[in-house]
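Novice: Pasting in a structure now, in structure tokens, and then I'll have a few things to ask.
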2 protein chains.
Amino acid sequence: MSLRIPVTEIVMPLLHIYDYIAVEMEEVRELFDSELYSQEPLVADLLEHIGKFRGKMVRPMLVLLCGKACGEISRDHHVVAVVIEMVHMASLVHDDVLDEADQRRRGQTINSLQGNEAAVMLGDLLFCHAFHLCSSLPSQQSSRLIAATTSSVCEGELMQLFYRGYYDITEKKYLDIIARKTADLFATSCYLGAQVGGAEESICQSLEEYGRNVGIAFQIMDDVTDIVGDEKVIGKTLGGDFAKEKITLPSIHYLSHCDPEEKKQMLELLFCRNDQRNEQYLQLLRQAGSIQYARDRAGQFITEAKKQLPENIDGKLRQALIELASFVIA
Amino acid sequence: MSLRIPVTEIVMPLLHIYDYIAVEMEEVRELFDSELYSQEPLVADLLEHIGKFRGKMVRPMLVLLCGKACGEISRDHHVVAVVIEMVHMASLVHDDVLDEADQRRRGQTINSLQGNEAAVMLGDLLFCHAFHLCSSLPSQQSSRLIAATTSSVCEGELMQLFYRGYYDITEKKYLDIIARKTADLFATSCYLGAQVGGAEESICQSLEEYGRNVGIAFQIMDDVTDIVGDEKVIGKTLGGDFAKEKITLPSIHYLSHCDPEEKKQMLELLFCRNDQRNEQYLQLLRQAGSIQYARDRAGQFITEAKKQLPENIDGKLRQALIELASFVIA
């Protein structure tokens, strides 16, 4: 692998947190690159392109921060971190097939380069690589938990698909879906970080709940950004949820609080196609306080996440986990 | 799961071989059905539909036949058999996204029912279920081999994609691709059947080579059937390889043996679109002996497969493996 984007560049906004685990993150990155390898040159080319998908690596950071908060970081932590990031990357590659997104983190998506077929196969290859690496660990426990979590992620994605265009979706169902498709992998990252380091089960579980709450907040904010964000800054296609009739928290709030006339207006906007509808949509949501409501809900999950942090872990790392949580809603 | 297609119905042409492992195959089927479960009703519905994809279950049969040829069948054999069939089924579901096939074994394909997005997610769910089940085995060795094999299957599919429309593809490259995309999983089924039963490494390896040769022959015959077969009997869309410019052994033979004028005629046929081209194509291949050549090559791999069978395994089961190999080219 040759892309070699310095991790420091990727995680710039998280840099002060990154400092706590800088050496370990480099080791994770090296393992990741060395695993993304194929003897078949044509496949190797595609895998190299995959490097561009690498994001902030929040999940590996959670593994390492929770691991270090409970003890020493070992090679097994690196493996777990790489496996989780690879599974996440596989789901991003497949998400591009799903979402027909044509931009993802300022790189061309695999499907726009090679068609859906290559994107599907490449995602599969990443899944298999991940499970192959995972089965090199001394115990089956991590493999089993990661496979169960990934199944949950897939179920979350399927549920989201079924509920597309379903405007009566409740906040409870929305939260259930994002808990599966996003928060479960955050939770497992934290649980395994602690567990591989030999922490007591109660500490592992508290950190797992921390991760779950951070993950829910993360997804709410991601959905808000899809509505209000700046495409150039985020580097991925915005308004995608709206175009695909994916109803997220701001619209759920709006539709459950508006009067019949406003509801009619919103539904017309959601069903009809016109160039200005993104702006009109945003304006309605802002006026009704629905964007702010979603941000506040994310804030509540972050507050809950911080509450879950055990007292008897390393103080500095505990502080880093608090800062990471705050960053999600910043 | 409620589909409950009797295995006896599915494996009718293999019935005399099936008799050797009838009880064990029923146990595999029950485990398979119980694993294809989701608490989410919407997902459970899709998984139920998946049951229709179940084919002849050749791979589980190989696991059990090789296992029984070397000793007693255990619960671990059932798990390996289900995992391998599930991985195979996942690749079939994704293959439908790839191939845009609208018929698969007389059931509607998942993508024609629910769109590509659901098919991608459902295939992922099957992969994750498979790896989850696999990590319940006492040792990591099976997980690691199955994950490595599945990676190879994905690489084979990607290579096939790259070589599509590449009319100078050699027989060697074609064989390399089908070895990965099909034969590796046959080989692993046989290897693990023996290995989980505690057979010596040399016996495991011989059975692995038996499986690899059977798998190559199986794919050659599958490709021939795509050209000459009867759509109603096979129950899946035929001529798909031709339409997708996938060059298989008969065309490779034809193009490497014809004179320039014939080559021109064949390439025009491959590039142009007309309703009669399937028939003209078949006629050219038949006249040149290219269909027969492919059948003969498959026969050679079956001969080699039989040669690989160790002498010091159960005689009856050895005979069953010989018959299974013969069935592939029947």
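The values are calculated or read from the model by the stated rules, or taken from the named source; none is laboratory data. This one's a predicted model, so the numbers in the text were calculated from it and none came from an experiment. Glycine also receives a Cβ, built like all others from the backbone with ideal geometry; neighbour counts cover every protein chain displayed.
Novice: Quickly run through the stretch A:302-317 and pick out the residues that are surrounded by fewer than 18 Cβ atoms within 10 Å (Cβ to Cβ) and assigned to a helix (DSSP H, G or I).
Specialist: A:T303, A:E304, A:K306, A:K307, A:G315, A:K316
Novice: Conditions: (1) more than 16 Å from B:D124 (Cα to Cα); (2) surrounded by fewer than 24 Cβ atoms within 10 Å (Cβ to Cβ). B:G67 meets all but one. Number of the miss?
Specialist: (2)
Novice: I need a count of the residues in the stretch A:35-76 that are in a helix (DSSP H, G or I), β-branched (V, I, T) and within 19 Å of A:K316 (Cα to Cα).
Specialist: Matching residues across the stretch A:35-76 total 2.
Novice: Could you list, in sequence order, all residues of the stretch B:297-318 that are more than 16 Å from B:V214 (Cβ to Cβ) and free of Cβ contacts under 8 Å to residues at least 12 places away in the same chain?
Specialist: B:E311, B:G315, listed by residue number.
Novice: Continuing with the same structure: For the subset of the stretch A:41-50 comprising residues that are hydrophobic (A, V, I, L, M, F, W, C) and modelled with pLDDT of 80 or more, which member is farthest from A:H132 (Cα to Cα)? Write out each step before concluding.
Specialist: Here is the first cut: in the stretch A:41-50, the residues hydrophobic (A, V, I, L, M, F, W, C) are A:42-44, A:46-47, A:50.
Still in the running and modelled with pLDDT of 80 or more: A:42-44, A:46-47.
Values: A:L42: 21, A:V43: 17, A:A44: 17, A:L46: 19, A:L47: 16 Å.
In this case the residue turns out to be A:L42.
Novice: Return yes or no: is A:Q140 closer than 18 Å to A:R180 by Cα, polar (S, T, N, Q) and either touching a residue at least 40 places away in the same chain (Cβ under 8 Å) or facing chain B (nearest Cβ under 8 Å) (or both)?
Specialist: No; evaluated as a whole, the condition is false for this residue.
Residue-by-condition table, conditions (1) within 12 Å of another protein chain (Cβ to nearest Cβ); (2) at negative phi; (3) modelled with pLDDT of 90 or more; (4) surrounded by 24 or more Cβ atoms within 10 Å (Cβ to Cβ):
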{"site": "A:L31", "(1), (2), (3), (4)": "no, yes, yes, no"}
{"site": "A:Q39", "(1), (2), (3), (4)": "yes, yes, no, no"}
{"site": "A:K52", "(1), (2), (3), (4)": "no, yes, no, no"}
{"site": "A:I73", "(1), (2), (3), (4)": "no, yes, yes, no"}
{"site": "A:V82", "(1), (2), (3), (4)": "no, yes, yes, yes"}
{"site": "A:L98", "(1), (2), (3), (4)": "yes, yes, no, no"}
{"site": "A:Q108", "(1), (2), (3), (4)": "no, yes, no, no"}
{"site": "A:F127", "(1), (2), (3), (4)": "yes, yes, yes, yes"}
{"site": "A:A130", "(1), (2), (3), (4)": "yes, yes, yes, yes"}
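Novice: Now a separate question. Among the residues of the stretch B:111-125, which ones are more than 7 Å from chain A (Cβ to nearest Cβ), within 11 Å of B:D96 (Cα to Cα) and either surrounded by fewer than 22 Cβ atoms within 10 Å (Cβ to Cβ) or modelled with pLDDT of 70 or more (or both)?
Specialist: B:S112, B:G115, B:A119, B:G123, listed by residue number.
Novice: Okay, next question. Among what's in the stretch A:143-167 and is touching a residue at least 40 places away in the same chain (Cβ under 8 Å) and farther than 21 Å from A:M89 by Cβ, pick the residue that is farthest from the other protein chains (Cβ to nearest Cβ).
Specialist: A:Y167
Novice: So, in the stretch A:124-137, of the ones that are assigned to a helix (DSSP H, G or I) and without any contact (Cβ under 8 Å) to a residue 60 or more places away in the chain, which residue ends up farthest from A:I84 (Cα to Cα)? Break it down into steps so the answer makes sense when it comes.
Specialist: Applying the first criterion (assigned to a helix (DSSP H, G or I)) to the stretch A:124-137 yields A:124-134.
Cutting the leftovers down to without any contact (Cβ under 8 Å) to a residue 60 or more places away in the chain gives us A:124, A:127-128, A:130-132, A:134.
Values: A:D124: 14, A:F127: 10, A:C128: 12, A:A130: 8, A:F131: 10, A:H132: 12, A:C134: 9 Å.
By that ranking, first place goes to A:D124.
Novice: Continuing with this model, one more query. Criterion first (assigned to a helix (DSSP H, G or I), touching a helix residue (DSSP H, G or I) at 6+ places or on another chain (Cβ under 9 Å), at pLDDT 85 or above and within 23 Å of B:R164 (Cβ to Cβ)) does B:S256 satisfy it?
Specialist: yes
Novice: Hey, another quick one. Please go through the stretch B:184-205 and give me each residue that is of a type in the set (G, A, S) and either assigned to a loop (DSSP other than H, G, I, E, B) or surrounded by fewer than 23 Cβ atoms within 10 Å (Cβ to Cβ) (or both), ordered by number.
Specialist: Once the filter is applied, which keeps residues that are of a type in the set (G, A, S) and either assigned to a loop (DSSP other than H, G, I, E, B) or surrounded by fewer than 23 Cβ atoms within 10 Å (Cβ to Cβ) (or both), the stretch B:184-205 yields B:G197, B:G198, B:A199, B:S202.
Novice: Please go through (1) modelled with pLDDT of 85 or more; (2) in contact with an Asp or Glu (Cβ under 9 Å, 6 or more places away or on another chain) for A:I322 and return the number of the only condition it doesn't satisfy.
Specialist: Unmet condition: (2).
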